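Presented below is the structure to which this report refers.
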Amino acid sequence: MSRRQSFAVQIEDQRRASTALGRAGRLRRQSTHAERLSLAQAVGAQTDEVTSPFESAFAPTEMRQLALVAHNHMKPAMKQFIETYSEILKKFRITGTQTTMKMCKSLWGEDDPSIHYGLTCTSGPLGGDAQIAALMCMEDLGGIIFFVDPLSAHPHQADIDSLLRLANCGNVIVCPNPASASSMMHTLRCALQKGEKARGMIPSFFETLESPAVEEYKHQQAVALANVIKGKSPAAAAAPPTPQPQAVEEQPTKEEKKVESSKRGVSFGDDAVVEENKVKPGLSDSTVERALLGQTFIGDERLRSLLAIESDDDSDDDDDDDDSVMEAPPTTTKVSRGLFGIKTSTKKSSKGKARMNMKMLGKSVKKLVIKE
């Protein structure tokens with residue numbers, strides 16, 4: 001029984017089973033089955049035309065290999081596919097996994113000189129899909145007919161994904177199910193019959209192609225390599241261009257740091273701005289704390305000098321009764337450049353507390369003298 005007759009018998013059985021339904025439902029199903037039967041007959045006619053013997057304008061060795069792969073639950077469909085389209089498949093160098101190649105050799109024979117077998121790969125879970133992907137990378141694979149089982153888990157799913165991804169990168173013909181593979185057979189037969197004029201119908205069997213995304217990827221790789229050669233980070237390829245930093249001033253020595261210990265330096269980027277704090281004579285922290293606790297006495301001369309200093313600093317704050325507002329302690333910022341940018345670390349100066357204590361004491365003493 002031919003493939004077309006088998007399909008027609010199945011549809012006829014379905015139509016007969018629907019006679020138990022109501023009149024309206026039966027008429028509707030009869031028309032649907034009639035349409036399906038008509039479609040099956042049309043498919044069968046096209047299949048008979050495509051599978052008839054013909055002469056190919058290209059020898060199998062003039063084209064790249066055609067891979068046949070099928071998962072376990074799809075192997076019966078692959079066997080039927082090979083039986084139906086043998087006249088077209090035999091015009092190519094056929095490669096595939098171990099089970100599929102055994103199917104082809106059992107149907108076509110191993111001693112026929114007109115049939116050229118390609119590489120027989122191992123089973124898929126043992127690396128067969130990776131071997132087929134390697135053929136593609138070696139530019140010896142023009143198309144893949146891969147009947148994928150979408151309802152089962154596969155231990156070699158990573159190899160399957162790799163094969164399909166590389167096929168997309170190389171812009172290779174891929175047929176993942178029987179319907180697309182049957183349609184592709186019409187294109188392959190037409191290209192083989194027309195010869196040189198139809199090479200563009202199946203270009204991946206003659207030339208190395210690539211996905212449109214490959215060009216952009218190669219450009220980014222070239223830019224990253226150029227940045228590495230220049231001593232820059234590869235990440236600079238994706239980042240927008242930044243202005244070149246200016247020269248950084250030399251770091252002061254330990255002696256200079258001691259002399260400029262009263263200075264406050266803040267760095268923004270590469271431009272350093274240094275602001276000096278006026279060094280004023282005053283009372284040390286220990287002296288102020290002992291005076292507040294009554295353990296020592298501050299002389300008149302030192303008190304007057306302190307009041308004179310504070311009067312200069314607070315000339316603009318005499319009308320302000322809020323004594324809680326104090327000047328923020330000076331800070332020093334240390335700049336260190338990392339691999340991906342500039343990092344800063346800020347430390348508070350130890351002299352801020354002493355200056356605030358002296359300022360509070362000066363204000364308190366000044367108010368007492370004014371009241372007296």
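What the table below lists for this structure:
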quantity	calculated
Cα→Cβ-extended label distance, 7 Å offset, between Asn177 and Cys137, nm	3.1
In nm, spacing of pseudo-spin labels at Asp149 and Ser123 (7 Å Cα→C-beta vector)	1.2
Potential extension, Lys194-Gln46 segment - 0.36 nm per residue separation minus Cα distance	51.4 nm
By average C-beta atoms within 10 angstrom, highest first, the peptides 161-167, 57-63	161-167, 57-63
Using a Förster distance of 35 Å, the FRET efficiency for Ser38-Phe206 (Cβ separation, nearest 0.05)	0.35
Region 123-225: C-alpha gyration tensor shape, a/c 1.5 cut-off, then a/b vs b/c	oblate
Cα shape, region 35-175, gyration tensor, a/c 1.5 rule	oblate
Label-to-label distance, nm, for residues given as Ser162 and Ala57 (7 Å Cα→Cβ offset)	3.8
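Readers should treat all values here as calculations from the given coordinates under stated rules, not as data from a laboratory. The shown structure was predicted, so the numbers you read here are calculated from the model rather than taken from an experiment. Ideal geometry is used to build each Cβ from the backbone, glycine not excepted, and the neighbour counts take in all protein chains shown.
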